[in-house]
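Some notes on the structure that comes next.
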Amino acid sequence: MDREIFNQLLDQEQIGWDWFAIQLDNGCEIMAFQVRSETGEPYYSGSFVGLNGDVTSLSKENLKLTALDYWESEKSNNRYPIKWKLSLPSLNQEYIITARFNNQELYNPIPFPFYYWEGQSLVTGSTTGKAYMELVGY
């Protein structure tokens, strides 16, 4: 379930975000995101929930997202990164997150009067699983 808890637009220097909700087949879960900026390095945050329910906070030091492949929308001409590598070095884990199908672009004038991408994804790597990916600001 995807529920927005705010409707504020980004600060002027922030241009978008990439957000991932991951359910691993081994019962663990990951939430990870980056807020992209025109002026510098992205802001990273997230959490890893282990089998026993313990939560490990993820930040710039132990979370890295790298775009691996892209899809370009014919409708909006936006170019979205639809395949990612998620590295969690402090947990010795690495995942590949891939869109189940490329065209999951949306346009919803309220609350976001622009095109964005969000949809189902698959996870491989340290463990397999399913994910939901949200890509805004492309």
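Quick note: the coordinates plus some simple rules give every number you see, no bench work behind them. Predicted model only: the values in this text are computed from it and were never measured.
Evaluating 6.51 cos²θ - 1.76 cosθ + 1.60 at θ = phi - 60° for every residue in the range 128-134, the Karplus couplings come out as 8, x, 10, 9, 10, 10, 10 Hz, glycine and proline recorded as x.
Return the Rg/Rh ratio of the range 14-76 with Cα-based radii and a Kirkwood Rh. Walk me through the numbers before you get to the answer.
On the way: Rg = 14.2 Å, Rh = 13.4 Å.
Using Cα coordinates only, the ratio equals 1.06.
For GLY16, the amide hydrogen comes within under 5 Å of the amide hydrogens of ARG36, counting only partners 5 or more places away or on other chains and with H modelled in the peptide plane.
Give me the tail of P(r) for the range 57-113 as a percent: Cα-Cα pairs with distance above 16 Å. Kindly include the intermediate steps, with their values, before the conclusion.
Numbers: 906 of 1596 pairs.
For the range 57-113, the fraction of Cα-Cα distances above 16 Å is 57 percent.
How big is D for the chain, in µm² s⁻¹ as a whole number, if Stokes-Einstein is applied with the Kirkwood radius of its Cα pairs at 37 °C and 0.692 mPa s? In µm²/s, the coefficient is 211. For ASP54 and GLU41, the difference between the fully extended length at 0.36 nm per residue and the C-alpha to C-alpha distance is 1.8 nm. Along the range 61-67 the Karplus relation, 6.51 cos²θ - 1.76 cosθ + 1.60 evaluated at θ = phi - 60°, assigns HN-Hα couplings of 6, 10, 8, 9, 10, 10, 6 Hz to successive residues, with x for each Gly and Pro. Across the range 25-132, the mean sequence separation of Cα contacts (distance under 8 Å, 6 or more residues apart), normalised by length, yields a relative contact order of 17 percent.
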